[in-house]
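A.B. asks: I have a structure here, written as structure tokens, and I will follow up with some questions on it.
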Amino acid sequence: MDTALDTDKARMSLEDTKRAVVSSSPPPNMEFKALHQAHRDRWKNTDVSMCRHSLSFHLHHSLRMEFFASFLYLLEQIPLVKLFAVTCEKIKGEKYFYYKAQQFYEDVEPSEEGMMGDFVEISHIDLEGSRNFLSRFIGPGKAGTKCALDCGCGIGRVSKGVLLPIFETMEMCDMIEAFLLHAHEEYLGDDADRIETYYCYNLQELTPPSRKYDVIWMQWCACHLTDRDLMQFLVRCKNSLRPNGVIIIKDNMARKGCKLDPIDSSIIRHLDIMKDIIFKAGLKVLAVEKQEGFPDAIVPVWMIAMQ
């Protein structure tokens, strides 16, 4: 009997020892969680505080670019995947996506060469195509000619060559103050007197006046808005149209899916994806036309009229 009791006590003592060892050991994966937290702390302020010439920074940058490539693959497979979730990183109080575009254009010269980059020689072809497309929506029973808004206007190249010859007054919007100043003081000449307002705003922050415009023109600026912000801006533009007014987008369109340009921080969407965004904004597409006469090396440019 004593021997059995001694055996039970030994067994209980062994089990108690095991429980004590287990309770004093770290939970499963604790060391991995600690490593993960250390990694997060390491990379938290990479963009603003770490040496940009270090091997670690370049490794981190490569990983981020691979992530963007994977996300853009999803964009090609699933139309209207919202970019907001990816472009919400904050730098100096702005989304990284928008901050990069702002930085790019602050270094651009306020001139036609600056606006057109290496393709200034096709500016006249671009303006002629825009005038012909716009003429389809102006006239009796169509849009009036009282006032137009030029979004992402730059120095006013489109305002001067397309819109001012048609409309009595205009308003212009661009995020770069130097472009607007050059437009008013030099580029537009006497026509500057017919510009009612210059808005120095990012389009994602602009709410145009209601029921004011016969035409809202957006050229090479929709690509600088995330899907969500573009859709919401189009909704606001819809509320800014006069009776029979139209919104016209003229922009680069991807041959397939979407492509991110990390240099000027822009998104080139396929035409079908752009149509989906327009549809979700509650607008109806009136006409679609490809800009002809551009070199084959240039990404296709399409014009879309909607109301």
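The values are calculated or read from the model by the stated rules, or taken from the named source; none is laboratory data. Everything numeric here is computed off the predicted structure, so don't read it as measured data. Reconstructed Cβ throughout: ideal geometry from the backbone, glycine too, with neighbour counts over all protein chains shown. Note: accessible area is taken over every heavy atom of the protein model, side chains too, but ligands, DNA and RNA are not part of it. Shrake-Rupley method; radii C 1.70, N 1.55, O 1.52, S 1.80 Å.
A.B. asks: Please go through the residue pairs Lys100/Lys259; Lys142/Lys259; Lys95/Lys160; Lys100/Lys275; Lys212/Lys275 and name each one whose alpha carbons sit more than 28 Å apart in this structure.
C.D. replies: Among Lys100/Lys259; Lys142/Lys259; Lys95/Lys160; Lys100/Lys275; Lys212/Lys275, the Cα-Cα distance tops 28 Å for Lys142/Lys259; Lys95/Lys160.
A.B. asks: Still on this structure: Accessible area of the range 155-207 with a 1.4 Å probe: how many percent of it is carbon plus sulfur?
C.D. replies: Of the solvent-accessible surface of the range 155-207, carbon and sulfur hold 45 percent.
A.B. asks: Let me ask something else. Excluding ligands, DNA and RNA, what is the solvent-accessible area per residue of the range 94-306 at a probe of 1.4 Å, expressed in Å²?
C.D. replies: Averaged over the residues of the range 94-306, the accessible area is 43 Å².
A.B. asks: Order Arg131, Arg211 by their accessible area, 1.4 angstrom probe, all chains in place, largest first.
C.D. replies: Per-residue accessible area, sorted high to low, gives Arg211, Arg131.
A.B. asks: Positive end of the charge dipole of the range 103-255 (Lys, Arg +1 and Asp, Glu -1 on Cβ, about the Cα centre): tell me which of Ala254, Pro110, Gly139 has its Cα farthest that way.
C.D. replies: Going by the Cα projections, it comes out as Gly139.
A.B. asks: Points 7 angstrom from Cα along the Cβ direction at Tyr201 and Lys146: gap in nanometres?
C.D. replies: Reported label-point gap for Tyr201 and Lys146 is 1.9 nm.
A.B. asks: Can you tally the net charge around Met175? Count Lys and Arg as +1, Asp and Glu as -1, for every other residue whose Cβ sits under 10 Å from the Cβ of Met175.
C.D. replies: Net charge around Met175: -4.
A.B. asks: Which FRET efficiency value, to the nearest 0.05, is calculated for Val299 and His184 with the Förster distance at 35 angstrom and r the Cβ-Cβ distance?
C.D. replies: For R0 = 35 Å, the calculated efficiency reads 0.70.
A.B. asks: Just the number, please: percent antiparallel of the DSSP beta bridges in the range 87-235, rounded to the nearest 5.
C.D. replies: Once the DSSP bridges in the range 87-235 are tallied, antiparallel ones form about 10 percent.
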